[in-house]
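Here's the structure we're looking at; comments come further down.
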Amino acid sequence: MRKVIGIGETILDIIFKDNQPYKAVPGGSVFNGFVSLGRLGTPLVFISELGNDKVGDIISEFMEENHISTDYVDKFPDGKSPISLAFLNDKQNADYQFYKDYPNQRLEVPLPKIEEDDILIFGSYYSLNPVLRERTVEFLEYAKERKAIIYYDPNFRNAHAHEAVKLKPTILENFEYADITRASDEDISNLFGKGNMKLIYDEHIRFYCKNFIATQGAKGVDLFTNTFQEHINTPNITPLSTIGAGDSFNAGIIWGLLKYEIKRNDLPVLDKDMWTKIIACGIDLATEVCLRYDNYISSEFALHYVKQS
């Protein structure tokens, strides 16, 4: 059975609403999507790191409850597990403050077994961090050599926008590793400034990665491939929180690739109809997450979604 491998941060998100702490949930960009995939019954391997502390224990227990293996999670004895404060604004979007205390030696885990047509997902600042870059590239090179589908979400937030010029060579290198890149309009604006998505694709992405999915919240999704572009509408909803929506969109795309048995060699020839079906899975999961305060789909939704699939 094909599996999904993820590389990313694990963090405890403390969510504030009206400047009061509302809820604490384990999070992290790739991690959020993995919780949704785990609840859908997808075989998962997660590469990450946690402190040997109470926050680390909470997150480890949560991973096991949601069928995410902790075999490749580095539990470091020095330092502390990271936490973030997420402040929801009146549009239910979040501004973040991060608190991190990592040791000098990081991500000391072995390479997991990767088979042809498995899917590896990576992204966020975690994939750009100079301290972790050598290990990240090692994982990416191995996945590429094993002919896995590589999925990249830059998840490039406001906190790092001032570093865009410095980090751009690494981001372009990530594009080159990727078979599919998914980015939000906020990511694109922080990386390249405001602009037409088609122009961004043609000038900055297409040379490196042929398949680009641009998500724009209520404005829908734009898909760009080497042969066509397509716009897909999203449903009109009133979100409770948008935290984790993009991450579960990624989970939905990966779920769609597995559901429709799309292999790496199929990607260059996928037609509009099949891409639209795959993107519909991403929209389904993202919509569900927008209607919750958790960062991922509910177990009840997952059970119903698997049954109807």
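Numerical summary
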{"read-out": "The chain: relative contact order in percent, alpha carbon pairs under 8 Å with at least 6 residues between", "value": "17 percent"}
{"read-out": "Helix-derived mean residue ellipticity, 222 nm - over the chain, DSSP H n ≥ 4, -39500 (n - 2.57), to 500", "value": "-11000 deg cm²/dmol"}
{"read-out": "Dipole of the chain, positive direction: furthest Cα of HIS231, VAL165, LEU111, with charges on the beta-carbon", "value": "HIS231"}
{"read-out": "Of MET274, MET197, MET63, the one that fluctuates the most in a GNM where the chain has Cα springs shorter than 10 Å", "value": "MET274"}
{"read-out": "Per-residue ³J(HN,Hα) for the range 95-111, Karplus 6.51 cos²θ - 1.76 cosθ + 1.60, θ = phi - 60°, Hz, x for Gly and Pro", "value": "9, 10, 10, 10, 10, 9, 9, 8, x, 6, 8, 9, 6, 8, 10, x, 6"}
{"read-out": "For the range 4-308, with +1 on Lys and Arg beta carbons and -1 on Asp and Glu, the positive-most of TYR96, ILE283, ALA143 along the dipole", "value": "ILE283"}
{"read-out": "Amide N of the range 60-92 lying under 20 Å from the label point, which is placed 7 angstrom from the Cα of ASP101 along Cα→Cβ", "value": "60, 74-86"}
{"read-out": "Gain on full stretching of the segment that runs from LYS168 to ASN233 - 0.36 nm per residue minus C-alpha separation", "value": "20.4 nm"}
{"read-out": "Volume per residue of the C-alpha convex hull in the chain, rounded to whole Å³", "value": "126 Å³"}
{"read-out": "Rounded to the nearest 20 debye, dipole of the chain from Cβ charges on Lys, Arg, Asp, Glu", "value": "440 debye"}
{"read-out": "Cβ-derived FRET efficiency at R0 30 Å, ASN265 paired with LEU111, nearest 0.05", "value": "0.80"}
{"read-out": "Positive minus negative residues near GLY8 (Lys, Arg vs Asp, Glu; Cβ under 11 Å)", "value": "-4"}
{"read-out": "Cut-off 13 Å (backbone N to label point 7 Å along Cα→Cβ of ARG146), residues of the range 28-66", "value": "44-47"}
{"read-out": "Cβ-based exposure ranking for HIS160, HIS304, in which fewest neighbours within 10 Å come first", "value": "HIS304, HIS160"}
{"read-out": "Global geometry of the range 236-309, whether rounded, prolate or oblate, following the gyration tensor of its Cα atoms and the 1.5 cut on a/c", "value": "prolate"}
{"read-out": "Cα-Cα separations in the range 2-161 greater than 19 Å, expressed as whole percent", "value": "55 percent"}
{"read-out": "Hydrodynamic radius by Kirkwood, which averages 1/r over all alpha carbon pairs of the range 226-279, in angstrom", "value": "12.8 Å"}
{"read-out": "Length added when fully stretched, ASN93-VAL131, from 0.36 nm per residue minus Cα-Cα", "value": "10.7 nm"}
{"read-out": "For HIS67, HIS162, order by how many other beta-carbon atoms lie within 10 Å, fewest first", "value": "HIS162, HIS67"}
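Here, each number is a calculation from the coordinates, and none is a lab measurement. All figures in this text were calculated on a predicted structure; none of them were measured in a lab. Using ideal geometry, Cβ is built from the backbone for each residue, glycine included, and neighbour counts are taken over all protein chains shown.
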